[in-house]
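The values are calculated or read from the model by the stated rules, or taken from the named source; none is laboratory data. This one's a predicted model, so the numbers in the text were calculated from it and none came from an experiment. In this analysis, Cβ positions are derived from the backbone assuming ideal geometry, glycine residues included, and neighbour counts consider all displayed protein chains. Surface accessibility is based on the protein's heavy atoms, side chains included, excluding ligands, DNA and RNA. Shrake-Rupley method; radii C 1.70, N 1.55, O 1.52, S 1.80 Å.
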Amino acid sequence: MARRGAGTPFLRQLSLLLLLQLGGTLGCASVTVSPLVVALGSAVTASCTVQRELCPGLEQGKVRISWMLDKKLVAGSQRQGPRGTEVSNLTLPRFNRTQARLFCCVEWNGTKQRVGMAEIRAGYPPAKPLNLSCVLNLGDYGLTCRWEQGSDSHLPTSVVLKCTGKDPEPLPCPVCCRSRGRAVTGCTPRGGHSHCTVPRRLLQLYRQMEIWVSATNALGTADSEHLCIDPMDVAKLDPPTLQSIQSIPFQTDCIALAWDVAWGTEHMELQCELRYRAPEDPAWALVTGIIGQAGTAQRCGFLFGTQYRFQMRCRRSSASALASWSEWSPGRNYTTHEKAPTGKLDAWWGAQPAEPGGRQEVQLRWKAPRRREANGRVLGYRVTLSPRRRGRDPPTVCNTTHTQCNFSVPAATSRVYLSAYNAAGESAPTEVILLERKGQPLAGLRAVPGGERSLWVRWEAPLAPVIAYVLEWQRVTAEPGHCSACWQMERDGAATTALIQDGIEPFQRYNISLYPLYEGTVGVPVHTTAYSQQKAPSHAPKLHLKRISKSEAELCWEPLPVEMQNGFITSYTIFWASSLTNMASATVSPSLSSFAIRGLKPSTLYKVHIMASTAAGSTNGTSLTLVTTVLDDTEIQFLFLSLGLVFVGLVVLLICFQKNERMKEQLWPSVPDPANSSLGKWVPAAVPQEPLQVLAAREPGPAAISTVTVLEGEAGKQPGKEQPGPAAAPP
């Protein structure tokens, strides 16, 4: 019995652990939430009731109830309920989660155990479906409807397509949408899609039906706009077939087009549209209002010798504006027939003056005719010295497929004639008068960017009347070149602006010339330069040291190639610094190619670099290292001059010393040899030796003189004078 009693608490604890699992207990606690589905941001209230006697292990002691919203602890208020229950109430003033789990917990054995749980969801009422449209498929006569879902409601939402039958008499909407029967579910989209198909058995063909989309969730219902349609009005037909296209012989800019309707639509009255375009056209040209069944259609205004692509589509002519067009038919190409080019050609020339009686060289350039004037594919151009007359061909000086020609003509030639031809014929000749360029020039020419690949050119109108203007432009490169197509003519003599778009590239410099064309003469051109777009230079110039001293360094550089400038160089900036000084700089005019840095310290290492700038940015160059000298050039020259003078003086003195004996005698006198003096001969042959008494170093006393010898000189010899002997060598 003791063993059995000892195991009872353990069994109770084990049973409580098994019961207190996620999802609640078996009648131990109950959680109520009001409401379970709320609008986002609304308040939520909850209550948890714990029955002490139903929770093993909680019969004794105080029960402490707490709340957890997912994994976050929230505080509630606890009170004692009837019949020994414990009740905790919780209020969440703003619930901002779309979905969360609320747990009721009790403290047992030092841990929080979950005894109840409720799931709360929040969101919005369903949004109104938009842009409902339907199409009837003639294959199975199913009505497929599509719409756009509104914003996400964050709640489970059911969407259905509903429909009802309508009154047979035609009435304007929304009057026609008076319900004559109960609404039925036409179809339900699957997989969250925004389309579904109503089967044929629910449709009433050739009668009005009301169709709408209904979206429902726990917070409400939203319906789309109601459609009042006859399913046959929204039937999507198969596209027609283009049978043939041909030009009408007597109306050369018109074509006749034959077409057939699709199978199964022969009994319908159709409304069709035709579209066509040439490869160069930016958009399709649309022809509307083609009514009928199979038949033909005519259209005029086509260009000669041009390939077009044609397509056609149809729908029921009695259909409403909501009816769907068929797909466009497969395209069919057709090329209209050609005729001789029309209009005049824009021409420009350059001529070299010829000597009297000689020939002058002419460079003639012209623009290809516009597509509307070419009337087909131009095969070539012809330049003659006189206009073509009936039955006689004039002499031809040039026949080419290009838009320029160089030829020579007699010096007296003042005009030539230019024409274009294709397979159908030749255009009327354009007279080109070779005028002299000596007229009044223009003033105030300037060019500004018109875009990344265009330039606006502006000028001031001259006082004399102008017939036209000719603009020339050439790209500036290191290697000279010539663009034959880089020109255009402005026919408006009153114009003061022109837009250049052909051959303009960003970051490239262009020389622009403008010629005014007067009556009987051509004005002297004026010139300017421009960029359509600028950026920082590709590189900076490379610095070179030209001269250096102890306080000054002169630098030089080569100007950047024009292809690397990417814009107009506005300035060069020189930067220099040493390990002891801060960075210093100086701005240099772009017209200069050298600069002298002054105020440097002697015998100091400096790092120098250059920066090239345009209006759009700057680019730094590589660094140049230089060391100032200790002395200036003049100081070095003076030092070398002084050392040279000293050296020359020493050499001169040495030569003088070698050549002048008297100076040698003054600087190095002769010293007599004591061995050859007369004193040596006066000493007697034998002198009695006397013992030499040496005084002790430590016994001071007077010196004792023991013997005095008197020397007698030889007869005829005076004392102190000696016969000269051989000269002694200098020491």
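Looking at the range 446-531, the accessible area is 49 square angstrom per residue; that uses a 1.4 Å probe and ignores ligands, DNA and RNA. Label separation (E225 vs S34): 4.3 nm, computed from points 7 Å beyond Cα along the C-beta direction. From most to least packed by mean Cβ count within 10 Å, the peptides 449-457, 507-515 give 507-515, 449-457.
The 3J(HN,Hα) values that the Karplus relation (6.51, -1.76, 1.60; θ = phi - 60°) gives for the range 536-553 are, in residue order, 5, x, 5, 9, 9, x, 8, 7, 10, 8, 8, 7, 9, 9, 6, 10, 8, 9 Hz. Gly and Pro appear as x. Of the heavy-atom accessible surface of the range 564-608 (probe 1.4 angstrom), what whole percent is carbon and sulfur? With neighbouring chains kept in place, the figure for the range 564-608 is 56 percent. Between S133 and T91, the C-beta separation translates, for a Förster distance of 51 Å, into a calculated FRET efficiency of about 0.60. What a 1.4 Å probe finds exposed on the range 347-433 is 46% carbon and sulfur by accessible area, rounded to a whole percent. Among 530-543, 83-96, the peptide with the highest mean count of other Cβ atoms within 10 Å heads the list, and the full ranking is 530-543, 83-96. Atom-type composition of the exposed protein surface of the range 227-315 places 48 percent of the accessible area on carbon and sulfur (1.4 angstrom probe). Considering only the other residues whose Cβ falls under 15 Å of the Cβ of E505, what net charge follows from Lys and Arg at +1 and Asp and Glu at -1? Local charge sum for E505: +1. Summarising the amide proton neighbourhood of L138: residues at separation of 5 or more, or on other chains, whose placed amide H is nearer than 5 Å comprise K236. Each residue of the range 226-231 was assigned a 3J(HN,Hα) from its phi angle through the Karplus expression (A = 6.51, B = -1.76, C = 1.60, θ = phi - 60°), giving 7, 9, 10, 9, 8, x Hz with x at Gly and Pro.
Near G76, the amide H atoms lying under 5 Å from its own belong to W67; only residues 5 or more places off or on other chains count, and H is placed 1.01 Å from N. Please compute the contact order of the range 204-347 in relative form: average sequence separation of alpha-carbon pairs under 8 Å and at least six residues apart, divided by the residue count, as a percent. Taking the mean separation of contacting Cα pairs over the length of the range 204-347, I get 24 percent.
Separation of the range 467-532 from the range 344-379 is 17 Å, based on Cα centroids.
Surface exposure of the range 60-143, expressed per residue as accessible area with a 1.4 Å probe, stands at 57 Å². In this label model, A428 and T622 are separated by 6.7 nm, measuring between points 7 Å along each Cα→Cβ vector. Computed over protein heavy atoms with a 1.4 Å probe, the accessible surface of the range 347-433 works out to 56 Å² per residue.
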